[in-house]
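Report on the following structure.
The values are calculated or read from the model by the stated rules, or taken from the named source; none is laboratory data. The model shown is predicted, which means the values in this text are computed figures rather than measured ones. Don't worry about glycine lacking a Cβ; one is built from the backbone with ideal geometry, like all the others, and counts go over all protein chains shown. With ligands, DNA and RNA removed, areas are computed over all heavy atoms of the protein, side chains included. Shrake-Rupley method; radii C 1.70, N 1.55, O 1.52, S 1.80 Å.
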Amino acid sequence: MLLALPLSVVGCLTDRRVLNFATPALIFVALYSLLPHKELRFILYAVPLLNVAAAHTLSQLWHKGHLAKLTVVGSFAGHFLCCSLFLSASYHNYPGGLAFQALHDQAPCSQNTTVYIGNYAAQNGVSRFGEKCESLFDRRWNYVKKEEMDVETKRKFNLLLIEPKEAHHYQATHHVVEKFHVYGGLKLSKDPPYVLTKKKEAIYLLKSKRVKKKVDVISS
């Protein structure tokens, strides 16, 4: 979309056939833009049509001489670099999933375990599909996600996924097992690739000092 969106607009303005072709996609995007809650996945269905409109513009440019061809190639190179940065940012934007995966390494599924999932973790990667130790027939692990819960109650949980600013409340009862980071912006570097992504602490995995180390159970 980074390169396709402006090129699709140019295509629509310069060729009526492209406008007729892309109009349903533009209307679709415009209607979804009226919603208060916006996500890219809502409009992904319109992307192929806009890409076709953008391809028409590139085709016209490609036949206008060597300078135009260099412009097209340079645009693709810039698009690739920007997408690489965005991919790196997206990869680090859901630390809750990694934290939730690591959480299950702290105790065996056969052990009664209570897990508290903080609001930030729940919104950034934690999913019921990641609950490795819960089934219809065995509920020894209890996963809890409640926003309105006081600190004293949370201290009774065996495992916690919380934000760094909350960690000081549990120093007496829990210890930090691992810290998980989220995308924190870009920074310049003297070495290739010259532009790097910064990360900042987002989620702490805390374990109660009363919980024993995980013991692997080997079935005979």
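Compared with the alpha-carbon gap, the fully stretched path from K187 to E147 is longer by 11.0 nm at 0.36 nm per residue.
Solvent-accessible surface of protein heavy atoms, probed at 1.4 angstrom with all chains present, puts C83, C133 in the order C83, C133, largest first.
In plain terms, the chain from K156 to A55 could stretch by 30.5 nm, reckoned as 0.36 nm per residue minus the Cα-Cα distance.
Sorting D105, D15 by accessible area (1.4 Å probe), largest first, what list results?
Details: D105 90, D15 25 Å².
Highest to lowest solvent-accessible surface, that is D105, D15.
Pop the C-beta distance of R140 and H37 into the FRET formula with R0 = 45 Å and round what comes out to the nearest 0.05.
On the way: r = 37 Å, r/R0 = 0.81.
The computed FRET efficiency comes out at 0.80.
Applying 1/(1 + (r/R0)^6) with R0 = 41 Å to the Cβ-Cβ distance of K198 and R17 gives a FRET efficiency near 0.35. Simple spin-label estimate for L44 and K69 gives 3.6 nm between the two label positions (7 Å along the Cα-to-Cβ direction from each Cα). Once you reduce segment 1-25 and segment 175-197 to the center of their Cα atoms, the two points are 37 Å from each other.
Taking every protein chain into account, the 1.4 Å probe leaves L81 with about 110 Å² of accessible area, to the nearest ten. Close amide H contacts of T114 (hydrogens built in the peptide plane, cut-off under 5 Å, sequence separation of 5 or more or a different chain): N142, N158, L159. Relative contact order of segment 57-130: 31 percent, from C-alpha pairs under 8 Å at least 6 residues apart in sequence.
Cysteine residues of the chain whose C-beta has no other cysteine C-beta under 4.7 angstrom: C12, C82, C83.
Kirkwood hydrodynamic radius of segment 44-149, from the reciprocal of the average inverse Cα-Cα distance over all distinct pairs: 18.2 Å. Its residue count N sets the reference 2.2 N^0.38 Å, and the alpha-carbon radius of gyration of the chain equals 1.45 times that reference.
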